[in-house]
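The values are calculated or read from the model by the stated rules, or taken from the named source; none is laboratory data. All of these numbers come straight from a predicted model, not from anything done at the bench. For neighbour counting, all protein chains shown are included, and Cβ atoms are generated from backbone atoms with ideal geometry for every residue, glycine included. Heavy atoms of the whole protein, side chains included, go into the accessibility calculation; ligands, DNA and RNA do not. Shrake-Rupley method; radii C 1.70, N 1.55, O 1.52, S 1.80 Å.
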Amino acid sequence: MFNDIGPLELVALVVLAVLVFGPDKLPKVIQDVTRTIRKIREFSDSAKQDIRQELGPEFKDFEFEDLNPKTFIRKQMENDELGLKELRNGFDLKKEMAEVTDAVHGRDTESSSSGSASSSASSSGSGGGRVDMSKKPERPEKPAAEDRPPFDADAT
């Protein structure tokens, strides 16, 4: 509740309370404040119980803390019904980025045993599903009229 109050601020609040209420009335004020906080907590717990009873037996395990979006998402990510842990563990971002970088720079990331097969496949034109981004595609000097996309006056 008071996570952001430092020790110096707490001392300042105590000194301020002693100055405002005086040392004689301060214990009575502290009792009144604690009694009020206790009543508010009892009222809150009672309201939660009433809401749970009204929702019915299927919501008996409902926690109001789950309404916080961070808590809700955290619980859903921990739930393995969707197989998210397998996806998270199976995805290696560094490996994927290294493959993309190698593809951009034209380096071969495959092992040397399969490298000769892939180099012969890429020279034959199939490319083994890889795109060589270092070469620019060959284009004719002027495209033929039927190769041009249709002109759409409404789109311009």
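Surface listing: Asp154, Asp92 arranged by accessible area from highest to lowest gives Asp154, Asp92, probe 1.4 Å. For region 16-73, the solvent-accessible area of protein heavy atoms averages 89 Å² per residue (probe radius 1.4 Å; ligands and nucleic acids excluded). Modelled label positions at Ile37 and Glu54, each set 7 Å beyond Cα in the direction of Cβ, lie 2.9 nm from each other.
Here the calculated FRET efficiency for Gln76 and Leu26, from their Cβ-Cβ distance with R0 = 41 Å, stands at 0.30, rounded to the nearest 0.05.
Shape class of region 1-76 from the Cα gyration tensor (axes a ≥ b ≥ c, square roots of the eigenvalues): oblate, since a/c reaches 1.5 or more and a/b does not exceed b/c. Rolling a 1.4 Å probe over the protein heavy atoms of region 5-49, with every protein chain left in place, gives an accessible area that is 70 percent carbon and sulfur.
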